[in-house]
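Colleague: Just dropping this structure here.
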Amino acid sequence: MNDDLRRLYRRFLKDTIRKSIDFSQTDQSRGMPPPPMAKPPAPDALIIDLVKPHSWQGIRRIDLTEAIGKRRSHRVYLPAALTLDELSFLLWATQGIRRKADRGHAYRTVPSAGCRHALETYLAVLNVQGLETAIYRYLPLEHQIVLVHDGAPLAERIVAAAFGQPYPGQAAATFIWTAVPYRMEWRYGPASGKAIALDAGHVGQNLYLACAAVGAGTCAIAAYDQEAMDRLLGVDGDEEFAIYLASVGKIKR
């Protein structure tokens, strides 16, 4: 990046972060109804039940101090599958519902500005017991996953979309989070970009800590081809677009 571009970028970043919120101009203040809390599945979509929260098997209880102390990025994985219990736990830990509330929102396992939760969770599943290799999407309100498409050849496509980084194609599953910006814009207007980025960080850290309980490792990835990743997920790149991803696989304890 040359000096002129760097200065423009830094000015844009500073202005975005420091931008004041004029709540009188948001759609919420104008009386517009809030957008849905989550994207509904297509009427004819294949929906798969996950293991209900706290009913999962094989999830180790781990001291939080130990989990934080061992937190690191893992890019090499064993050829072992994740179980459906383990995947169910990781999804709950990153976007699961703790309690539903009135006024069109729900409390989840991660914080979100104004409880807006503008993220959707997609999964590139390559090695999970009982699941076919495919792209799925998490339905947090129902604690289910919905089949999006088979993504074939999935391993090759996700590696290509990650600029050739191999570990998303060698993982048991890669979590891919998209942003649905209007969920946040409805309340926060032009300051929403900062809040969405913070939300993604909260989700990623929860995944790192939760992986310790299932003998897995993860590596957060922010370098990817935006258009290729959006195409892989089947999102439009405008009203919804990929914002963050993390590969997950079993590791040597």
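Colleague: Which of the numbered conditions does LYS100 fail, given that it passes all the others? Conditions: (1) within 30 Å of PRO168 (Cβ to Cβ); (2) touching a residue at least 12 places away in the same chain (Cβ under 8 Å).
Modeller: LYS100 satisfies every listed condition except (1).
Colleague: Quick check on VAL51: is it at pLDDT 95 or above, touching a helix residue (DSSP H, G or I) at 6+ places or on another chain (Cβ under 9 Å), exposed (fewer than 14 other Cβ atoms within 10 Å of the Cβ) and of a type in the set (A, V, I, L, M)?
Modeller: When the stated conditions are applied, VAL51 does not pass them.
Colleague: Give the residues of region 53-76 that are touching a strand residue (DSSP E or B) at 6+ places or on another chain (Cβ under 9 Å) and among the small types (Gly, Ala, Ser), sorted by residue number.
Modeller: Residue satisfying the conditions is SER73 alone.
Colleague: Just to be sure, is ALA197 without any contact (Cβ under 8 Å) to a residue 60 or more places away in the chain and not in a helix (DSSP H, G or I)? Step through it out loud before you land on a result.
Modeller: On the way: without any contact (Cβ under 8 Å) to a residue 60 or more places away in the chain: yes; not in a helix (DSSP H, G or I): no.
Judged against the criteria, ALA197 is not a match.
Colleague: Then there's this: Of the conditions (1) more than 13 Å from ALA171 (Cβ to Cβ); (2) crowded, with 19+ Cβ neighbours inside 10 Å, HIS74 clears all except one; give me its number.
Modeller: (1)
Colleague: Return the residues of region 181-195 that are surrounded by fewer than 22 Cβ atoms within 10 Å (Cβ to Cβ) and aliphatic (A, V, I, L, M); say none if nothing qualifies.
Modeller: Across region 181-195, the qualifying residues are ALA191, ALA195.
Colleague: Going through region 214-253 one residue at a time, which ones are aliphatic (A, V, I, L, M), under 18 Å from THR94 (Cα atoms) and not in a helix (DSSP H, G or I)?
Modeller: Once the filter is applied, which keeps residues that are aliphatic (A, V, I, L, M), under 18 Å from THR94 (Cα atoms) and not in a helix (DSSP H, G or I), region 214-253 yields ALA216, ALA220, ILE221, ALA222, ALA242, ILE243, LEU245, ALA246, VAL248.
Colleague: Residues that are over 17 Å from the mean Cα position of the chain (by Cα), farther than 17 Å from ALA222 by Cα and not aliphatic (A, V, I, L, M): which strands (runs of 3 or more DSSP E) entirely in region 87-182 hold 1 or more of them?
Modeller: It comes to 97-101, 105-108, 144-149.
Colleague: Hey, does region 111-134 have a residue that's among the basic types (Lys, Arg) and out of contact with any Lys or Arg (no Cβ under 8 Å at 6 or more places or on another chain)?
Modeller: no
Colleague: A follow-up question, please. For the structure I just gave you, tell me whether GLU86 is over 23 Å from LYS250 (Cα atoms), modelled with pLDDT of 95 or more and buried (at least 21 other Cβ atoms within 10 Å of the Cβ).
Modeller: So GLU86 does not fit the description; no.
The values are calculated or read from the model by the stated rules, or taken from the named source; none is laboratory data. The structure displayed is predicted, hence computed values, not measured ones. A quick note on method: Cβ atoms are made from the backbone with ideal geometry, for glycine too, and the neighbour counts reach across all protein chains shown.
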